[in-house]
1. Can you list the trypsin sites (Lys or Arg not before Pro) in region 81-147 that are in a DSSP coil and have 16 or fewer other beta carbons within 10 angstrom?
2. If you fit an axis through the alpha-carbon atoms of helix 5-14 and take the longest principal axis of the Cα set of the chain, what angle between them do you get, 0 to 90°, nearest 10?
3. Convert 4 °C to kelvin, take the viscosity as 1.567 mPa s, use the Kirkwood radius over C-alpha pairs of region 311-454 as Rh, and evaluate the Stokes-Einstein diffusion coefficient in µm²/s, rounded to a whole number.
4. Quick one: Karplus J couplings for region 329-345, per residue in order, coefficients 6.51, -1.76, 1.60, θ = phi - 60°, nearest Hz, x for Gly and Pro?
5. Can you list residues whose amide H is under 5 Å from ILE116's amide H, if they're 5+ apart or on another chain and H is modeled 1.01 Å from N?
6. With each pseudo-label sitting 7 Å past Cα toward Cβ, what's the TYR68-THR26 distance in nm, one decimal?
7. Report the accessible area of VAL167, computed with a 1.4 Å probe over the heavy atoms of all protein chains in place, in Å² rounded to the nearest 10.
8. Taking Cα centroids, how far is region 43-122 from region 347-389 in Å?
Amino acid sequence: MQQTDLDSKVLRVFGKLAFDKQRLRTSQLGKRGVPAYVGEWLLDELVPGTGELTAEDTAKVLQWADRYLPRPEEANIIKNRLLNGETVKVLTSVQVDVVLNRNRQERVAKMSLLQILDAQIADGLVEMYPDLLNQGLWGVVELVRVPEASGESPIAVVNFKPMQATVNLDLFKEKRSKFSLSEWMDVLLTSMGYNPSVFAESEKILLLCRLLPLVQKNMHLIELAPKGTGKSYIYENISPQVRLVSGGNVSPAVLFVNNATGQWGLLARYKVVVLDEVQTLKFEKPQEIIGGLKGFLANGRLTRGGLHETASDCGLVLLANIKLDAQQRPLASPLVKELPDFLREPAFLDRIRGLLPGWRIRKLSSECFAAGIGLKSDFLGDALLALREDLSFDEWCGRTVQLIGEKRYKRNEDAVQAIASGLMKLLFPHGEVSREDFEHYCVRPAQMLRQFIWEELQALDAEYRQYESEIRYEILWD
């Protein structure tokens, strides 16, 4: 596909941080179960460049994948090679747990794709890459068998080369200033893996709202949409610090902390936790989960039974499928009717910042996926997560956006300000914005997302009807 003027500009401005998105789609790496941020890194290492992959390029990539990127069903082949005394190198995700009990005190490397959950790991690697202890890292791992192991795993990680993206946030902001707003929106969407030319502006804004939990601390959202709108697509592919939970059991130990071992759960170890298709998840001890979540959503504190407590700025995202009528409007009333009962509790919903109307985004077809030049997924993910720490946007939006009316509700104001701040970080990280653009692209979408939550609360609980039904705001522009 011929490069557009915007493609050329992205390459010129971002250089090696840019990536031709069509190359990943034609590489067949997606069929190997690797997320985009891994596949793009791998292609850039093996066959750097732009344009469609040649037959030779594709053969080189697939040959490398066959050698170093094992399929799940090949776990026993890897173990057999170790048993035969081979040193095995593979590209996989590695998570390190610390075991401390009377009989065992050690660091344990888990590589679930290889079905290896208790490998030894060199102390120096954990010290060099501390994120192995948190959300884990993708990288090339070198494994050996330790025949003399006594009481320990006979498999050891002796070397590890992680994927790494270097983020200079000031440089990122400066480069944003070289693009118009419409160009920048298209750059972000292409970087996310979408083809911006297919979507209307209103859809583009909703797609970008999926990134809010990355740039904003404790940004909790619900998205309701029919199947096929790609609700989980971006969360699977943008960063190893985003954890998607799809299927299986969800327990208090998984989310909060395992009181038996002291190991912190997902909400403590990741920046964003996404519960996909919440209607199909199996929640163990739902009342304990909802009680813990209400406390966490309100104040960012994680605790369970008073045994452990820590702070977390993790964002929680709930994704759910809904049915639409002939006019493509939700059938359920209230909208959250199809969520599990305990997730429809008003005190829980009130703590969710906004509801994303995914039914207003078209279903994804082949033409909806990116074929142009965007930012590398791992770089974009790290840049967005770095923007979390820039609290100047939050302070400015707190002063600039105020709700109006005789009976205002404080959580509505907090939510609108937080969402507007997040959209500022996404669209105007360089800080240059007009009043008109700030209202149109930041405040109005923020009001809309919170208004959906507010209407649900007023439908579910008469207590909320003492306040005004419409969230209204004013912008105090200096």
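1. Numbers: sites: ARG81, LYS89, ARG102, ARG104, ARG107, LYS110, ARG145; in loops: ARG102, ARG104.
Those that pass, being in a loop and sparsely packed, are ARG102, ARG104.
2. Roughly 60 degrees, rounded to the nearest 10.
3. Values: Rh = 17.6 Å.
Taking Rh from Cα pairs, D becomes 74 µm²/s.
4. Result, ordered by residue: 10, x, 6, 6, 9, x, 4, 8, 4, 8, 6, x, 3, 6, 7, 9, 5 Hz.
5. MET111
6. 2.3 nm
7. Surface accessible to solvent at VAL167 totals approximately 50 Å².
8. One Cα centre to the other: 28 Å.
The values are calculated or read from the model by the stated rules, or taken from the named source; none is laboratory data. Since this is a predicted model, take the numbers as computed values, not measurements. Methodologically, a virtual Cβ is constructed for each residue, glycine included, from the backbone with ideal geometry; neighbour enumeration extends over all protein chains shown. Keep in mind that these areas ignore ligands, DNA and RNA; they rest on the heavy atoms of the full protein, side chains included. Shrake-Rupley method; radii C 1.70, N 1.55, O 1.52, S 1.80 Å.
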